[in-house]
Each structure stands twice: as C-alpha cells, then as structure tokens.
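Notes follow the structure.
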Amino acid sequence: MLELRPDTILTLAPQIVLHSIPDQEWYFAFNITTGDQFRLNRTSYWVLEQINGGVEYSTLMRSVLNIFEVPENQGSQDLKQLINKLIRQKIIRRQADAKKEDTVSKTRRRKAK
Amino acid sequence: MPSKGKAPVDREVGPENEFYFQWHVTERCNRRCLHCYQSTQRTKELSTPELGKILTIMETALAKWNRRGSISFTGGEPFIRRTELIDLLEKVDKSAQFDFYDILTNGSLIDNELLILLKKASKLRRVQVSLEGSTPTTNDRLRGHGSFAETMKAIKGLKQCGFTVSVMTTVSRLNYRDISNILDLLKQEGVDTFSVERLVPEGKGKQLKDQLLTASEVRDMFELLYKLKQKSKTPRILTYRPLYCLVAPDDMHNGALCSVGNNALTIMPDGTVYPCRRLPIPIGNILEDGLFSIWYQSEVLWDIRNPANLKGKCGQCNLMTHCRGCRAVAYAVTGDYLAEDPQCWN
C-alpha cells in the first residue's frame, strides 16, 4: 500500500479522460496516449470525478463518508484500496509523485538534447 | 472497481471485434457527379511515407482494441493515385491487423495493367463500382456523359478476371424507380453484391436536396429490395443499413445500426478524420492527434454514442437497439446530427 497522508493531493494522470453514459451504466477512463481503456463502476467513476482537478485525500475521504452510508473504518479501507489500485493502473497519481515524474522527464529531455 | 480489460469497449461502446476505416486517398476525380458529397477537389494529399504512418497508427489502435480491421479505399477516384494506392495495398496485405479491404471506384481508370496489379492484392475482398441507372440516359444524367459505358466495361473486365464485384447506387427521385432494372442488368453481368445508399445532400449534392426521397418512397424502395433479396441470390442484396429493420424487424440479417461512434472512422486525403464521409464534421487529424485521442475525446462521437441524445422519433423509437437512423441524412437536412432521420416512415 502506498502512503496516503491526509494532505496528499491526488490528481488525474495527464493522459486520462473520463466519459460516462449513466443511462447505459457506462463508466470509462481512457488513456489517450496508450489507448488503455478502463471499465469502471459508478462509485469508482464518482471518485475519479472528485479527483479530476486535484483533491486532498482527507477532503475526498470526508466526501465519501458523507455521500455513502458506510462505517468510517470500512469506508476508509475501501477508499484506500481503490486509490491504490487507481495509482497502480496509472489512472491517478499523487501530486508529489507527479512533480518527481515531471522532473525526471524534464531531465531526460534535457539529456536527450 | 476498475478492471483493465483488453478491450472493454468492444462490448460496451462498439459491436464485437471489427473496426472499419473508409480511407479517401485523394479527392481528385475525373467525374463531376451531380450527387457527389465533395465540394472541392483541392485537399492536400499525403505522401507515401505519410500514408504508411497512418497505416501504422491504425494497426496500433486495432491491436490495442483487439479488433480486426477492414478498409474501403476510395476517393475522389482512388486510381488517380494508382502508384500510391498499390503501394498501400501491398502494405495492408502484409499487415497482421487487417483481414480485407475493398476499393470503391467509378471504374473509369481500370485497364488491363491495373487488373494485373490488382490480382496480386491478396486481401482485396471486392471492387465496388458506382452505377446510378440501368441505361445511359438515367446513369449519365447523374454521372456524366459516357460514364455508363465505362462502368459496364469495368464490371465486365473485373468479372472476366475473377474479381468479386459490387455495385452501389445512390438513390434519389432521379433513379429510384429504376432499381429493379438495375438489378436485372447486374444479374446479367454476374455482379456479386448490390447495395443502395440514400442520397445525402452534402457538398455538390446539396443542389439535389429537392430530389431526396420522401419517407414513403424510401419505405416502398426498401420493401421492394427486401422482397427481391429473398428471391435473388446473385447479386446478393446488402441491406445492413439503418431503416431496413423497419421492413422486417424480426429478420436479424436485415438492417443495422449506423457504425458512427461504434466501429468506424473516415480518413480524408490530408489525414482529417470524419465520423463518416457523409457526416463531414472534422473531429481531428490522425497524423497530428492520433486515433486514441480522437476516438476517446470527440464530443460528436460521444453525442452519437448516447441514444438518450437522439431527438424526435429516433429518440422514442421501439427499434432503437437496431436502427437509430442515419445521422448523416439528419445532419444534411436539418443541420443537427442528433435530429430524427427525416426519411424514416415509422
């Protein structure tokens, strides 16, 4: 499990776009660079919508507990698992990781020049 | 929870595992047909390496989506770029992602030398030529003087060389009463398949807006074609188009959903991508944007994918899972690609 502190900021990965057709129960995340497609359930899609644009983990947790009627422990554990899975699948990332990744890619680009 | 499938969209956004490209390698043409959906012949054309790059982009997408590809090469008149087209066919013949391709042509540039070259095209499924009437009078009025004779010569030449030949007729009030006669003629020539497309008044064809069939005329013609399809083995009449399902809703081999947004794209000579050639709304450029970005982000495609967006009778139709009308006809007639199909008689 990756560390998720209350002030960890989560963002959508830059190449990810979200689309849904709720009437058809279609919820998708797409990677426009690799072409990967991720079929989601409504809850996962809702979480990604909250993350889109950037959100602190503690804020996201509060929203989850407010919206879904689940015990705090259960809600916290489920959200952590989901966030970890979304990070592993490169659908979202921690802002701190994003900064590191951006620095690495900038350095690589400079070296390539 | 998300699941990274090989191609979840296969079953959710599009039908099964096929993807179709209509690829216009040129807009130049030696004909000036009255109903043509082009309005210009001056679009930039891509070089052979650029065409090869497009093919690679298509292959990458097909592999990712786990879909089998097919292409209709067309124009303009595609054989105006004979050298480039033959080069492209050779590349597709070697591709693991594509099963077959068709060539859509007016037939006028088909000669013996070309027929020999085409014999080597191992994935060529059929050559489709356009014919608008059973006589020079009906046909040449739309396609130009001498075109009937040239088309018939092309059909004979192709059949003699053993190619599978398809004929397509664009139907309007100028020729729809001639359909039975066209079929009789094609039977004599041993043509393999026959299909009709409804006139879409786009490009030069806008001038024929008054010649669009009414809904009841389309109904009569589709009913006739369905009846003839039951009797005629050769040519085989292809009826996998919107509205056909109204004729025989229980026949699963009759009618089809429009492929826009589901499993098809049109590539123009400069790489511009349209949802369909008859729905000429640019949704990107394959060389600049790539296919994934266009397919996943185009608002036009997402609008069309969601049946709840359809308006008028298309939005309330009991056959929505089978039809949804032709978005191109709706767009050309009303300016709204989500409007009801104006030729639907349901």
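Every number here is computed from the coordinates shown, using simple stated rules; none is lab data. Because the structure is predicted, anything quoted here is derived from the model rather than measured. Backbone-built Cβ (ideal geometry, glycine too); neighbour counts: all protein chains shown.
Each residue of the range B:241-246 was assigned a 3J(HN,Hα) from its phi angle through the Karplus curve 6.51 cos²θ - 1.76 cosθ + 1.60 (θ = phi - 60°); the sequence is 9, x, 6, 4, 5, 5 Hz, with glycine and proline shown as x.
Overall, the protein assembly as shown carries a charge dipole of about 1000 debye about its Cα centre when +1 sits on the Cβ of Lys and Arg and -1 on the Cβ of Asp and Glu, all other atoms neutral.
Compared with the alpha-carbon gap, the fully stretched path from A:Glu56 to A:Gln24 is longer by 8.4 nm at 0.36 nm per residue. Ordering B:Gly133, B:Leu287, B:Gln316 by Cα displacement along the dipole of the protein assembly as shown toward the positive end leaves B:Leu287 in first place; charges were set at the Cβ atoms of Lys, Arg (+1) and Asp, Glu (-1). Enclosing the Cα atoms of the range B:137-197 in their convex hull gives a volume equal to 75 cubic angstrom per residue.
Note on chain A: with a GNM built from Cα contacts shorter than 10 Å, the maximum mean-square fluctuation among A:Phe28, A:Phe38, A:Phe68 falls on A:Phe68.
Computed from the Cα positions only, the extents of the protein assembly as shown along the three principal axes stand at 79, 55, 36 Å, in decreasing order. Charged side chains reduced to their Cβ positions (Lys and Arg at +1, Asp and Glu at -1) give chain B a dipole of some 420 debye around its Cα centre. Can you tell me the orientation of helix A:57-67 relative to chain A, as the angle in degrees between its alpha-carbon axis and the longest Cα principal axis, to the nearest 10? Around 30 degrees separate the two axes. By the beta-carbon count within 10 Å of each Cβ, the least crowded to most crowded order of B:Leu89, B:Leu158, fewest first, is B:Leu89, B:Leu158. Adding -39500 (n - 2.57) for every DSSP H run of four residues or longer, then dividing by how many residues chain A holds, sets the calculated 222 nm ellipticity at -16000 deg cm²/dmol.
When B:Arg125, B:Arg143 are arranged by Cβ crowding within 10 Å, least crowded first, meaning fewest neighbours, the order is B:Arg125, B:Arg143. Ranked for footprinting exposure by Cβ neighbours inside 10 Å, fewest first, B:Leu114, B:Leu51 give B:Leu114, B:Leu51. Derived scalar couplings between HN and Hα for the range B:120-129 equal 7, 7, 6, 9, 6, 7, 7, 9, 9, 10 Hz in order, rounded to whole Hz, by the Karplus curve 6.51 cos²θ - 1.76 cosθ + 1.60 (θ = phi - 60°), x for Gly and Pro.
Within the range A:1-77, which GluC sites (Glu not before Pro) sit in a loop by DSSP and count at most 12 neighbouring Cβ atoms inside 10 Å? Loop-located and lightly packed - A:Glu3, A:Glu25, A:Glu69. Relative contact order of chain B, taken over Cα pairs closer than 8 Å and 6 or more residues apart, is 18 percent.
For chain B, modelled as a GNM whose springs connect Cα atoms under 10 angstrom apart, the maximal fluctuation among B:Met252, B:Met58, B:Met168 occurs at B:Met252. Database remark: amide H of B:Thr170 closer than 5 angstrom to the amide H of B:Leu131, B:Glu197 (H placed geometrically; neighbours at sequence offset of 5 or more, or on other chains; Pro and chain starts carry no H). Helices in chain B that qualify as membrane-span-like (whole DSSP H runs, Cα extent of at least 20 Å along the helix axis, mean Kyte-Doolittle hydropathy of 0.0 or higher) are B:48-65. Just how many % of Cα pairs in the range B:84-235 lie over 25 Å apart, if you round to the nearest whole percent? Percent of Cα pairs beyond 25 Å in the range B:84-235: 35. Toward the positive end of the charge dipole of the range B:168-209, with +1 on the Cβ of Lys and Arg and -1 on the Cβ of Asp and Glu, the farthest Cα among B:Ser195, B:Tyr176, B:Gln207 is that of B:Gln207. Using only alpha-carbon positions in chain B, the gyration tensor eigenvalues give semi-axes of 28, 27, 19 Å once each is multiplied by 5 and square-rooted (largest first). Amide H contacts of B:Cys36 (H built 1.01 Å from N, in plane; Pro and chain starts excluded): B:Gly205 sit under 5 Å, all sequence-distant by 5 or more or on other chains. Taking +1 at the Cβ of each Lys and Arg and -1 at the Cβ of each Asp and Glu, which of B:Tyr226, A:Gln89, B:Tyr296 sits farthest along the dipole of the protein assembly as shown towards its positive end, judged by Cα position relative to the Cα centre? Of B:Tyr226, A:Gln89, B:Tyr296, it is A:Gln89. Using Cα pairs closer than 8 Å and at least 6 residues apart in sequence, work out the relative contact order for chain A, in percent. Value for chain A: 33 percent.
Our Cα-only numbers for chain A put the radius of gyration and Dmax at 15.3, 54 Å. The charge dipole of the range B:220-346, taken about its Cα centre with unit charges on the Cβ of Lys, Arg, Asp and Glu (plus for the first two, minus for the last two), comes to roughly 600 debye.
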